[in-house]
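A short write-up of the structure that comes next.
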Amino acid sequence: MSRVRSGPVVGLILQVVLLAGLAGTVGLGPAGWLAGLAYGGVLCGLLLRGLRRADAGGLGPANRVTLTRAILVGGVLALTVDAWGRPAPVAVLAPLTAVALALDAVDGRAARRTRTESALGARFDMEVDAFLLLVLSAHLAPSVGGWVLAIGAMRYAFVAASWPLPWLRRSLPPRYWRKVAAATQGVVLAVAMAGVLPRTVNAVLVAGALAMLVESFGHDVAWLWRHRPARLAAAERAAAERAAARPMPKMLS
């Protein structure tokens with residue numbers, strides 16, 4: 001088996017092992033098993049496809065860390081789906097989520113230290129983050145309110161909007177606040193899920209996190225709108241017309 005194929009397949013095997021461990025400890029019903037296995041299969045397939053498209057020689061150190069995070073997210077998903085309509089095993093769910101969030105600070109550092117940064121790794125990391133937020137939002141919706149789903153759905157709404165609006169697919173300039181806002185979502189949702197604070201306080205914290213996310217996405221959308229090709233082309237034409245309308249300076253004889 002080639003190196004390109006081994007990483008995703010090993011990840012799928014580890015996902016099954018994690019699900020079996022959860023089933024043997026806190027219990028995992030058919031719904032949880034189905035969600036976890038479906039997630040693992042899709043993860044393996046998409047990662048394998050991404051590696052092939054990138055013509056990568058295998059998973060680097062940073063992507064292995066991200067894959068570990070993705071497997072933990074699969075466990076969070078299985079427990080969340082399995083506990084729908086009844087209390088979730090927070091004693092297991094919270095540590096899984098905490099480790100997945102903590103490792104988010106490791107994969108990027110590993111990529112920089114090993115000089116293995118890549119577009120695939122950045123996309124992989126971003127999608128794992130987005131899916132974890134979606135799962136945590138769904139878990140909190142019954143207790144906090146359906147509006148919390150806006151946090152998990154924000155990234156996917158942006159992607160859906162980019163299909164009919166190609167200017168949304170342009171690359172964005174680096175912005176530190178974007179990283180802060182994204183990290184805050186996971187921390188706040190994890191704290192709310194742990195249930196260590198009163199429900200009202202959780203709602204206020206989650207609302208504040210949502211406001212940060214709306215500002216972050218709104219800032220990026222505004223930047224993309226101002227720099228969309230049609231607007232830039234119109235600005236260039238207007239500048240050329242103004243330049244052409246200026247009187248030519250007289251030549252000295």
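The values are calculated or read from the model by the stated rules, or taken from the named source; none is laboratory data. Because the structure is a prediction, the values reported are computed rather than measured. Positions of Cβ are backbone-derived with ideal geometry, glycine not excepted, and every protein chain shown enters the neighbour counts.
Structure above, values below:
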read-out: Tally, over segment 204-220, of residues that are crowded, with 16+ Cβ neighbours inside 10 Å, among the aliphatic types (A, V, I, L, M) and farther than 17 Å from A141 by Cβ; value: 1
read-out: Residue list for segment 137-148, restricted to those being under 19 Å from F158 (Cα atoms) and touching a Gly at 6+ places or on another chain (Cβ under 9 Å); value: S137, A138
read-out: Options S143, S137: the member that is modelled with pLDDT of 95 or more, of a type in the set (S, T, N, Q) and surrounded by 13 or more Cβ atoms within 10 Å (Cβ to Cβ); value: S137
read-out: Cβ-Cβ under 6 Å pairs, at least 6 apart or on other chains, segment 153-176 side at negative phi and part of a helix (DSSP H, G or I), far side surrounded by 14 or more Cβ atoms within 10 Å (Cβ to Cβ) and hydroxyl-bearing (S, T, Y); value: L168/S162; R169/S162
read-out: Considering residues of segment 146-181 that are more than 22 Å from P198 (Cβ to Cβ) and among the β-branched types (V, I, T) only, the residue surrounded by the most Cβ atoms within 10 Å (Cβ to Cβ); value: V159
read-out: Residues located in segment 189-203, provided they are more than 21 Å from P89 (Cβ to Cβ) and surrounded by 13 or more Cβ atoms within 10 Å (Cβ to Cβ); value: A203
read-out: Number of the condition not met by L28 [criteria: (1) of a type in the set (A, V, I, L, M); (2) touching a Leu at 6+ places or on another chain (Cβ under 7 Å); (3) farther than 14 Å from T80 by Cα]; value: (3)
read-out: Conditions (1) in contact with a Ser or Thr (Cβ under 8 Å, 6 or more places away or on another chain); (2) aliphatic (A, V, I, L, M); (3) at pLDDT 95 or above: number failed by I71; value: (1)
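Okay, residues lined up against (1) surrounded by 17 or more Cβ atoms within 10 Å (Cβ to Cβ); (2) in contact (Cβ under 8 Å) with a residue 24 or more places away in the chain; (3) closer than 21 Å to Y39 by Cα:
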residue: L59; (1), (2), (3): yes, yes, yes
residue: T66; (1), (2), (3): yes, yes, yes
residue: A70; (1), (2), (3): yes, yes, yes
residue: D82; (1), (2), (3): yes, yes, yes
residue: P89; (1), (2), (3): no, yes, yes
residue: S118; (1), (2), (3): no, yes, no
residue: F124; (1), (2), (3): yes, yes, yes
